[in-house]
1. Report, by residue number, each residue of the stretch 86-124 that is in a helix (DSSP H, G or I) and of a type in the set (Val, Ile, Thr).
2. Out of the residues in the stretch 104-115 that are open to solvent by less than 90 Å² (accessible area, probe 1.4 Å) and free of Cβ contacts under 8 Å to residues at least 24 places away in the same chain, state the one that is nearest to ALA74 (Cα to Cα).
3. Quick one: what pairs do we get from the stretch 72-94, first residue of a type in the set (A, V, I, L, M), second open to solvent by 70 Å² or more (accessible area, probe 1.4 Å), C-beta under 6 Å, 6+ apart or different chains?
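The values are calculated or read from the model by the stated rules, or taken from the named source; none is laboratory data. Keep in mind that this is a model prediction, so the values were computed, not measured. Don't worry about glycine lacking a Cβ; one is built from the backbone with ideal geometry, like all the others, and counts go over all protein chains shown. These area figures cover heavy atoms from the full protein model, side chains too; ligands, DNA and RNA do not enter into them. Shrake-Rupley method; radii C 1.70, N 1.55, O 1.52, S 1.80 Å.
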Amino acid sequence: MKNKLLKKAVVLAMALIVFTSVLSFSLPALAAGNSNTFWGNTATTNESGVGTELGLGNKDPRDIAAQVIKIILAFLGIIAVIIILLGGFKWMTAGGNEDKVGEAKKLITAGIIGLVIIVAAFAIATFVLNSLINAVN
């Protein structure tokens, strides 16, 4: 029981470290607002208006939504890879115990399925956002 709790705490700590790392590198780029390109597209911005007067920046809301989606999917991809690595670690430390090997196989399978779903979601989000940006421009 204590061993399982320790493993969960270690996995949670690793996930928090990865999450804060992703956010610390991504949020300054979102806040800077210097580049109006995302996934190879350019968006027009309004140089004057309420957002500029309030200091909110002049980025297109579609670009902000696209960057938020990209950050979330990147974080989920990292979690899926961690699950696959955890399954591999369990398999290597199973010591020939069939129950532990079966559990490790299930973890690896779940991680791979999750990674495929995340990549598909990224592709769909890219297609939809590029279509929206191109339709307006």
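1. Keep residues of the stretch 86-124 that are in a helix (DSSP H, G or I), which gives 86-92, 98-124.
Listed by number, the residues that qualify are VAL101, ILE108, THR109, ILE112, ILE113, VAL116, ILE117, ILE118, VAL119, ILE124.
2. Only one residue fits best here, namely THR109.
3. Going by the 6 Å Cβ cut-off, the qualifying pairs are LEU73/PHE122; ALA94/LYS100.
Quick grid of which residues meet (1) touching a Ser or Thr at 6+ places or on another chain (Cβ under 6 Å); (2) modelled with pLDDT under 90:
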position	(1), (2)
THR44	no, yes
GLY49	no, yes
ASN58	yes, yes
ALA74	no, no
PHE89	no, no
THR93	no, no
GLY102	no, no
ILE108	no, no
